[in-house]
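So the structure is just underneath, and the comments pick up after that.
The values are calculated or read from the model by the stated rules, or taken from the named source; none is laboratory data. Everything numeric here is computed off the predicted structure, so don't read it as measured data. Virtual Cβ from ideal backbone geometry, glycine too; neighbours counted across all protein chains shown.
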Amino acid sequence: MQQAVRVAVFGFGGLGKGMARLIPQRPDFRLVAVADSQGFAFNANGLELTEEFSLNQPLHADSDSMISLLKAHGQEIDAVFMALPNLPVEFFAETVKRIADETGFEGVFVDALKRTEAVERLFALNEQLQERKILYITGAGATPGFLTTIAAVAAHSFVEVLDVNIHFGVGIGNWEAYKATVREDFIHLEGFDAKRVACMSDEEIAQELDVRGGLLKLVDMEHADDIILELAGVCPRDRVRVGGLVDTRNAKKPVSTTVTVTGRTASGSVGSHQFVVSDEATMVDNVCGPALGFMLRGTELYGRGFYGLITSADIMPRFSSQVFAQTQEVPVREAALTV
């Protein structure tokens, strides 16, 4: 039997704890480290969690925990799940650059990034990641990730994709457990932007949620599904729409999550595929489960000598778009994987 993938989780908020809760139920993985702004914990034999899914051992206090952890134990870690906040937008790329520059870590990274600009910034690091023997899979959570790749496969029924509509429903029993996620969602509300949200206190966020009855209606979000599907050749990014409804006071989803791909068939007809996500699958299920799947695939590719930056859709069947070929709109980028 193949040795379990030794996983570190960076960020121990709602998603980070959700991943730590899921890993013990997946025999291909072993949680060996976590790190957040307070410090890090490491155990080569596996970290243990309490019944409340808190760490059963104290964090080593460290203001530069991720760098310190990888410097001290990087050779005992195979893959990292990045559950870090996306505010400010440059934080992710700057953190990855520091890891590549300062730690010497070689392995696989998987993130659940949502914002298009944040993903675009990572592409500037592709050459550096290749040189450092790092394979980085971006946009590998729920959306982008799970739902994006559903759209990428569904596209193959059509000769032209006219529209991709991802509409999600999220229920959160306690918004404070997902502060970073809720803050990112606020950016997409009318009258808000990243700068304003970054300056808001938790109390101000809570007050704004009270005004809205705990519901966040998100329309035409800046979501990295657009750039990922464009890079995969499925359709131009302006044909990708992402939005949804988030209930920050109830665990039950306010609406079902759907992916609808509309396209033109070879016979000239226009039709749609629609995929409906189970209401019983939570945000953590739909982010962390697929992230582990992409991570396992990433470790297989890494073992074959592949390095660089790829997206979740790069691991799916490739779409040949006649529209891109005719208009020459297909985005050009160097091959991200090197051997």
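Could you list, in sequence order, the residues of the range 238-270 that are of a type outside the set (Ser, Thr, Tyr) and free of Cβ contacts under 8 Å to residues at least 60 places away in the same chain? Can you show your working first?
Initially, the range 238-270 is screened for residues of a type outside the set (Ser, Thr, Tyr), giving 238-247, 249-255, 259, 261, 263-264, 266, 268, 270.
Once the filter is applied, which keeps residues that are of a type outside the set (Ser, Thr, Tyr) and free of Cβ contacts under 8 Å to residues at least 60 places away in the same chain, the range 238-270 yields 238, 268.
If we keep just the residues of the range 119-149 that are hydroxyl-bearing (Ser, Thr, Tyr) and in contact with a Phe, Trp or Tyr (Cβ under 7 Å, 6 or more places away or on another chain), which is modelled with the lowest pLDDT? If you could, list the steps in order and put the result at the bottom.
Residues of the range 119-149 that are hydroxyl-bearing (Ser, Thr, Tyr), as a first pass: 136, 138, 143, 148-149.
From the residues that got through so far, the ones that are in contact with a Phe, Trp or Tyr (Cβ under 7 Å, 6 or more places away or on another chain) too are 136, 143.
Details: 136: 98, 143: 94.
Among residues in the range 119-149 that are hydroxyl-bearing (Ser, Thr, Tyr) and in contact with a Phe, Trp or Tyr (Cβ under 7 Å, 6 or more places away or on another chain), the one modelled with the lowest pLDDT is 143.
Can you find a residue that is at pLDDT 55 or above, surrounded by 12 or more Cβ atoms within 10 Å (Cβ to Cβ) and of a type in the set (A, V, I, L, M) anywhere in the range 316-333?
Among the residues of the range 316-333, at least one is at pLDDT 55 or above, surrounded by 12 or more Cβ atoms within 10 Å (Cβ to Cβ) and of a type in the set (A, V, I, L, M), which makes the answer yes.
Looking at the range 232-254 only, could you name the residues that are in a strand (DSSP E or B), of a type in the set (D, E, K, R) and under 28 Å from residue 162 (Cα atoms)? Lay out the reasoning, then the answer.
We begin by selecting, within the range 232-254, every residue in a strand (DSSP E or B); these are 240-247.
Retained after the next criterion (residues that are of a type in the set (D, E, K, R)): 241, 247.
241 - this is the single residue of the range 232-254 that is in a strand (DSSP E or B), of a type in the set (D, E, K, R) and under 28 Å from residue 162 (Cα atoms).
So residue 161 fits all but one of (1) at pLDDT below 95; (2) assigned to a strand (DSSP E or B); (3) hydrophobic (A, V, I, L, M, F, W, C); what number is the exception?
Checking residue 161 against (1) at pLDDT below 95; (2) assigned to a strand (DSSP E or B); (3) hydrophobic (A, V, I, L, M, F, W, C), the one that fails is (1).
Of the residues that make up the range 123-131, is at least one surrounded by fewer than 24 Cβ atoms within 10 Å (Cβ to Cβ) and farther than 22 Å from residue 95 by Cβ?
Checked against the condition, which is being surrounded by fewer than 24 Cβ atoms within 10 Å (Cβ to Cβ) and farther than 22 Å from residue 95 by Cβ, the range 123-131 yields no hits at all.
State whether the residues of the range 174-194 include one that is within 21 Å of the chain's Cα centre (by Cα), small (Gly, Ala, Ser) and under 30 Å from residue 262 (Cα atoms).
No, because not a single residue in the range 174-194 is within 21 Å of the chain's Cα centre (by Cα), small (Gly, Ala, Ser) and under 30 Å from residue 262 (Cα atoms).
Identify all residues within the range 145-157 that are hydrophobic (A, V, I, L, M, F, W, C) and buried (at least 24 other Cβ atoms within 10 Å of the Cβ); write none if there are none.
Taking the range 145-157 and keeping what is hydrophobic (A, V, I, L, M, F, W, C), we get 146-147, 150-155.
Passing the criteria: 146, 147, 151, 152, 155.
Being at pLDDT 95 or above and touching a Ser or Thr at 6+ places or on another chain (Cβ under 7 Å) is true for just one of 111, 36, 62. Which residue is that?
Working: 36 fails: at pLDDT 95 or above; 62 fails: at pLDDT 95 or above.
So the residue among 111, 36, 62 that is at pLDDT 95 or above and touching a Ser or Thr at 6+ places or on another chain (Cβ under 7 Å) is 111.
With a cut-off of at least 3 residues that are under 21 Å from the mean Cα position of the chain (by Cα) and within 24 Å of residue 289 (Cβ to Cβ), name the strands (runs of 3 or more DSSP E) lying wholly within the range 21-82.
The qualifying strands (runs of 3 or more DSSP E) are 29-36, 79-82.
Got a number for residues in the range 86-122 being under 11 Å from the mean Cα position of the chain (by Cα) and assigned to a loop (DSSP other than H, G, I, E, B)?
Residues that pass the stated criteria total 5.
Checking residue 194 against (1) surrounded by fewer than 21 Cβ atoms within 10 Å (Cβ to Cβ); (2) modelled with pLDDT of 95 or more, which test does it fail?
(2)
What tally of residues in the range 205-221 results from selecting those that are part of a loop (DSSP other than H, G, I, E, B) and surrounded by fewer than 16 Cβ atoms within 10 Å (Cβ to Cβ)?
So the first thing to find is which residues in the range 205-221 are part of a loop (DSSP other than H, G, I, E, B), and the list is 212-214, 219-221.
Now narrow it down to the ones that are surrounded by fewer than 16 Cβ atoms within 10 Å (Cβ to Cβ): 212-213, 219-220.
The number of residues fulfilling the criteria is 4.
Taking residue 203 and the conditions (1) within 24 Å of residue 117 (Cβ to Cβ); (2) out of contact with any strand residue (DSSP E or B) (no Cβ under 8 Å at 6 or more places or on another chain), which numbered condition does it fall short on, given that it satisfies the others?
Result: residue 203 passes all but (1).
Exactly one of these conditions fails for residue 157: (1) closer than 27 Å to residue 188 by Cα; (2) touching a residue at least 24 places away in the same chain (Cβ under 8 Å). Give me its number.
Unmet for residue 157, out of (1) closer than 27 Å to residue 188 by Cα; (2) touching a residue at least 24 places away in the same chain (Cβ under 8 Å): (1).
Considering only residues that are among the small types (Gly, Ala, Ser) and under 21 Å from residue 242 (Cα atoms), which ones fall in the range 253-276?
Step one: of the range 253-276, the residues among the small types (Gly, Ala, Ser) are 256, 263, 266-269, 271-272.
Within the range 253-276, 256, 263, 271, 272 qualify.
Suppose we filter 81, 40, 92, 29 for residues that are touching a helix residue (DSSP H, G or I) at 6+ places or on another chain (Cβ under 7 Å), aromatic (Phe, Trp, Tyr) and farther than 24 Å from residue 180 by Cα; which single one remains? Quick ask: steps written out before the conclusion?
Working: 81 fails: farther than 24 Å from residue 180 by Cα; 40 fails: farther than 24 Å from residue 180 by Cα; 92 fails: farther than 24 Å from residue 180 by Cα.
Matching residue, one of 81, 40, 92, 29: 29.
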